[in-house]
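The values are calculated or read from the model by the stated rules, or taken from the named source; none is laboratory data. Not measured: the values here are computed from a predicted model. Glycine gets a Cβ as well: all are built from the backbone with ideal geometry, and neighbour counts include every protein chain shown.
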Amino acid sequence: MDRKKELKEWYKNMKADMGVFIIKNNFNNKCYIEVTQDLKGTINSTKFKLDFGNHPNRELQKEWKEKGESNFSIEILEILKYDKDETKTDYSKELEILKMLWEEKLSQKEMEFYNKSLR
């Protein structure tokens, strides 16, 4: 029973990786970039939405459906480290800055972005 309590406590204290990831179309050099406080969960959710035709970015969704998952790559670009200050819980500003930096880097490499239109 103690082991079960230990594992529950460990899980509660576990922090998800946060950062920026990219979905890249391997044919036309277009990409979709997103930041999140839970990389693994958001990537899984995004893949699920794309597979079932429910992603909010219409252009990305259309090409995913036409070309298939195998013609796209999903990659974590950068993981944002947690502050040493344990009380900080909102990293949204840092994540948006990180996203802007990556958009600038990718633009310099002549990457195009899927438009930000929603359904």
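For the reader, a short list of remarks on this structure follows.
- Taken over the range 41-96, residues that are small (Gly, Ala, Ser) and within 19 Å of residue 29 (Cβ to Cβ) amount to 3.
- Answer residue from the range 64-119, given it is polar (S, T, N, Q) and under 18 Å from residue 32 (Cα atoms) and is modelled with the lowest pLDDT among those: 117
- Matching residues, the range 1-22, being closer than 12 Å to residue 75 by Cα and in contact with a helix residue (DSSP H, G or I) (Cβ under 7 Å, 6 or more places away or on another chain): 19, 20, 21
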